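I have placed the structure first, in the form of structure tokens, so that the comments after it can refer back to it.
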Amino acid sequence: MNTHRQQIRFFRERIPAFECQPGCHDCCGPVTTSSEEMSRLPRVSAAAHEAALAALTCPHLGPQGCTVYAERPLICRLFGTTPRMPCPVGKRPALMIDERVEAQIHRFMAETRQVLV
Ligand code: SF4
Ligand code: SF4
């Protein structure tokens, strides 16, 4: 099995889930991700990409929020689960992410080629 795929599954299982403020998408913006995660996202036209980037937003952000929620990148999942990336409206899981897992995720992101979502 693809090592990156295994690592991504490992991380996804260890990033704590929490309820966001309904309708909020304040932490969405231009994000980067690994090629493996990118391959699971629907393709977006170059024009839509450019428009999103110009507006400093994400091309997968729709009127009802993230349109690719089940496959959203690790960085989106990490947001709000660590004091280093706090949710601006104060939402958080009961237990923040294990610092060792957080460090592993950052290492994974540093070691994999990142592409703009
Ligand atoms: S983590 Fe916070 S800022 Fe981001 S969508 Fe959820 S409630 Fe909004
Ligand atoms: S992939 Fe989803 S959660 Fe991540 S920035 Fe885009 S819209 Fe927001």
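The values are calculated or read from the model by the stated rules, or taken from the named source; none is laboratory data. Not measured: the values here are computed from a predicted model. Reconstructed Cβ throughout: ideal geometry from the backbone, glycine too, with neighbour counts over all protein chains shown. For accessibility, only protein heavy atoms count, side chains too; no ligands or nucleic acids. Shrake-Rupley method; radii C 1.70, N 1.55, O 1.52, S 1.80 Å.
The dipole here belongs to the chain: it is taken about the Cα centre, uses +1 on the Cβ of Lys and Arg and -1 on the Cβ of Asp and Glu, and is about 180 debye.
In order along the stretch 53-68, phi translates into HN-Hα couplings of 5, 4, 8, 6, 10, 10, x, 9, 8, x, x, 9, x, 5, 8, 10 Hz, rounded to whole numbers, per the Karplus curve 6.51 cos²θ - 1.76 cosθ + 1.60 with θ = phi - 60° and x for Gly and Pro. Ligands, DNA and RNA are left out, and with a 1.4 angstrom probe the accessible area of the stretch 3-116 is 63 Å² per residue.
With contacts taken as Cα pairs under 8 Å and at least 6 residues apart, the chain reaches a relative contact order of 41 percent.
Just to make sure I understand: if all protein chains stay in place, what is the order of Phe10, Phe18 by accessible area at 1.4 Å, largest first?
Working: Phe10 80, Phe18 45 Å².
Greatest to least solvent exposure: Phe10, Phe18.
With the helix formula -39500 (n - 2.57) applied to DSSP H stretches of n ≥ 4, the chain reaches a computed 222 nm mean residue ellipticity of -10000 deg cm²/dmol. Taking amide hydrogens as placed 1.01 Å from N in the peptide plane, the amide H of Thr32 sits under 5 Å from those of Val117, each at least 5 positions away in sequence or on another chain.
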